[in-house]
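*Asks:* Please find one structure pasted underneath; my questions will follow.
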Amino acid sequence: MQEKFLWKGRLGPISLRISDTTFRPSTISALVAREIRVDEGDIAIDVGCGSGILAIIAAKLGARHVYAIDKSPDVIEVGRANAEANRVSDRVTFYCGDLFEPLDRSIKADVIIGDVSGIPDALADESGWFPTKGGGGARGSELPIRMLEEARRRLAAGGRLLLPTGSLQDETSIIETAKGLYTRVRKLTERRIPLPSKIASSQVLSDLAERGVVRITTRGSRALWEARVWEVSGIA
């Protein structure tokens, strides 16, 4: 089953098709979209592409080609339809698979968009945000760290990677890993985001906070988490 979703972020409004297994564009997607910088003729990789919205934006901004990958079983059908509707299907190719695995080893990118699932598995399953279930590992950092490790082999000389992180995961481990693998890690933007009351009051979140895996702040009666986008570049 598919439905329509109206993207109101950068370059929007853009009408998208979303399936039962497609991750819906989120506040994080909008934050990342604002920070995408593509030079004319760049090659881009969008790993964890979901509906393909960030790949579409990269193509519209001038990328020569975008390789978009997601684990959703119908990403090729959904992504291709969205790219066709937005007249960039000749410059965006969709793959189903794990991180960079579907791509030929020779493909390197000037820009990597690394918006992969990054909250603890238990919280991801309880939240209902992820239609294919599961998150970024037990601490929400394992998948982003693996992405950072594999991305080193995919960045062209002078290339850059956009990395979203947040306080709903073991963010410190991710940033420490990035600083060990790359010579430059620069914060581009951050935002505090209210948590839905169902998640804010959950025992799973409480347990993760008590263990120091996630960090939550409050403003009045609202529980908030922090989202950030980083630019990572230079192979250490």
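*Asks:* Is it the case that residue 57 is in a helix (DSSP H, G or I), buried (at least 18 other Cβ atoms within 10 Å of the Cβ) and either more than 19 Å from the chain's Cα centre (by Cα) or not basic (Lys, Arg) (or both)?
*Replies:* Yes; evaluated as a whole, the condition is true for this residue.
*Asks:* Considering 125, 170, which residue is acidic (Asp, Glu), more than 21 Å from residue 110 (Cβ to Cβ) and at pLDDT 95 or above?
*Replies:* Exactly one residue qualifies, and that residue is 170.
So that you can scan it fast, the table gives a plain yes or no per residue for (1) open to solvent by less than 10 Å² (accessible area, probe 1.4 Å); (2) over 20 Å from residue 161 (Cα atoms); (3) of a type in the set (A, V, I, L, M); (4) without any contact (Cβ under 8 Å) to a residue 60 or more places away in the chain:
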{"site": "15", "(1), (2), (3), (4)": "no, yes, no, no"}
{"site": "23", "(1), (2), (3), (4)": "no, yes, no, no"}
{"site": "61", "(1), (2), (3), (4)": "no, no, yes, yes"}
{"site": "64", "(1), (2), (3), (4)": "no, no, no, yes"}
{"site": "73", "(1), (2), (3), (4)": "no, yes, no, yes"}
{"site": "84", "(1), (2), (3), (4)": "no, yes, no, yes"}
{"site": "88", "(1), (2), (3), (4)": "yes, yes, yes, yes"}
{"site": "96", "(1), (2), (3), (4)": "no, yes, no, yes"}
{"site": "108", "(1), (2), (3), (4)": "no, no, no, no"}
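*Asks:* Also, quick follow-up: Pick from 142, 150, 210: which is open to solvent by 30 Å² or more (accessible area, probe 1.4 Å), under 27 Å from residue 68 (Cα atoms) and without any contact (Cβ under 8 Å) to a residue 12 or more places away in the chain?
*Replies:* Criteria check complete, one pass: 142.
*Asks:* Also, I was wondering about something else. In the stretch 25-40, which residues are surrounded by fewer than 18 Cβ atoms within 10 Å (Cβ to Cβ), closer than 26 Å to residue 101 by Cβ and not hydroxyl-bearing (Ser, Thr, Tyr)?
*Replies:* 35
*Asks:* For the condition out of contact with any helix residue (DSSP H, G or I) (no Cβ under 9 Å at 6 or more places or on another chain) and within 30 Å of residue 168 (Cα to Cα), what is the one hit in 44, 68, 30, 55?
*Replies:* Of the residues listed, the single one that is out of contact with any helix residue (DSSP H, G or I) (no Cβ under 9 Å at 6 or more places or on another chain) and within 30 Å of residue 168 (Cα to Cα) is 30.
*Asks:* Condition first: part of a helix (DSSP H, G or I), among the polar types (S, T, N, Q) and open to solvent by 80 Å² or more (accessible area, probe 1.4 Å). Now tell me which residues in the stretch 167-203 satisfy that.
*Replies:* Across the stretch 167-203, the qualifying residues are 172, 197, 203.
The values are calculated or read from the model by the stated rules, or taken from the named source; none is laboratory data. Worth saying up front: this structure is predicted, and the values here are computed from it rather than measured. As a convention, Cβ positions derive from the backbone with ideal geometry for all residues, glycine included, and neighbour counts pool all protein chains shown. Please note that ligands, DNA and RNA were not included when accessible areas were found on the heavy atoms of the full protein model with its side chains. Shrake-Rupley method; radii C 1.70, N 1.55, O 1.52, S 1.80 Å.
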